[in-house]
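Everything below concerns the one structure shown next.
The values are calculated or read from the model by the stated rules, or taken from the named source; none is laboratory data. Keep in mind it's a predicted model, so treat the numbers as computed, not measured. Neighbour counts are summed over all protein chains in view; Cβ atoms, including those assigned to glycine, are modelled from backbone coordinates with ideal geometry. The accessibility values were calculated without ligands, DNA or RNA, using every heavy atom of the protein model including side chains. Shrake-Rupley method; radii C 1.70, N 1.55, O 1.52, S 1.80 Å.
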Amino acid sequence: MIQSQEVPIREKNIVLIGFMGVGKTTIGQLVAKKLYRDFIDIDEEINQSFDLPTTEIFRLHGEAEFRRVERETIVHHCAHSRLKVIALGGGAYMQEEVRRVCLDHCIVFLIDLSWDSWKDRLPLILDSRPVLQNKTLEEIEELFLTRKAAYSLHNSRVDADQLEPEKTAEEIVQSIKTVWDIYQPHHG
């Protein structure tokens, strides 16, 4: 059982969620740099633990095993670390335990992208995303819409349709700093 101790808001991890390919890793690295925090890419951590790319983990071990390791990794970081910026894989947030630990212990930011904007990125990401393999555009859109419902459980969102990663990261940082000042103002 995870002990629930109240982490000061300025020390809470920042978790980035959103559909695959919206730029969580790129934006997360920029946010971490701006806030002088470490960046954790959950997919990268899983790849390192298996010493395999995600597509191979799916092929050799199956999606269920990938999701189990993903859940354990996220729960560990969210419940037992502070001052991190964490990017989740696109499917991670579909797991209730993942949503719960993120919302209980962290500040969750949705990087939101419309279907039309995301669709333009599809050729760039198709080969590296195992859950997209052998799917029609209609099936991918259905997955996109299904996940959007889970993503609606967040603390804040940024619409990345018209923004470059740098601008999206800046918007997140400004939003975070506003929240910090409201809930835990500096005294003195």
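Summary of values
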item	result
Whole-percent carbon and sulfur share, accessible surface of the chain, 1.4 Å	49
Rounded to 10°, Cα long-axis angle of helix 63-80 versus longest principal axis of the chain	10
Charged-residue dipole, Cβ positions (Lys, Arg, Asp, Glu), the chain about Cα centre, Debye nearest 20	500
Dipole axis of the chain (+1 Lys, Arg; -1 Asp, Glu on Cβ), positive-most option in Thr168, Val85, Ile17	Val85
Degrees between helix 137-151 axis and first principal axis of the chain (Cα, 0 to 90, nearest 10)	20
Dipole moment magnitude, nearest 20 debye, the range 1-79 about Cα centre, only Lys, Arg, Asp, Glu C-beta charged	400
Relative contact order of the chain, defined on C-alpha pairs under 8 angstrom at six or more residues apart (%)	34
Over 18 Å between alpha carbons, listed pairs Lys84/Lys177; Lys33/Lys119; Lys148/Lys177; Lys12/Lys148; Lys84/Lys148; Lys34/Lys148	Lys33/Lys119; Lys148/Lys177; Lys12/Lys148; Lys84/Lys148; Lys34/Lys148
Value at 222 nm in deg cm²/dmol, rounded to 500, when DSSP H runs of n ≥ 4 in the chain each add -39,500 (n - 2.57)	-16000 deg cm²/dmol
Relative packing of 70-77, 48-55, which averages over residues the other C-beta atoms within 10 Å, highest first	70-77, 48-55
Magnitude of the charge dipole, the range 121-188, Cβ model with Lys/Arg +1 and Asp/Glu -1, debye to 20	220
Highest-first arrangement of 39-45, 152-158, 116-122, where packing means the average Cβ count within 10 Å	39-45, 152-158, 116-122
Cα-based helix-to-principal-axis angle, 24-34 vs the chain, degrees rounded to 10	20
Matching label, Rg/Rh (Cα atoms, Kirkwood Rh) computed from the structure shown, candidates (1) 0.93; (2) 0.96; (3) 1.03	(2)
In sequence order, calculated HN-Hα J values of the range 160-172 (Karplus, 6.51, -1.76, 1.60; Hz; x Gly/Pro)	9, 3, 9, 10, 6, x, 4, 5, 4, 4, 5, 5, 5
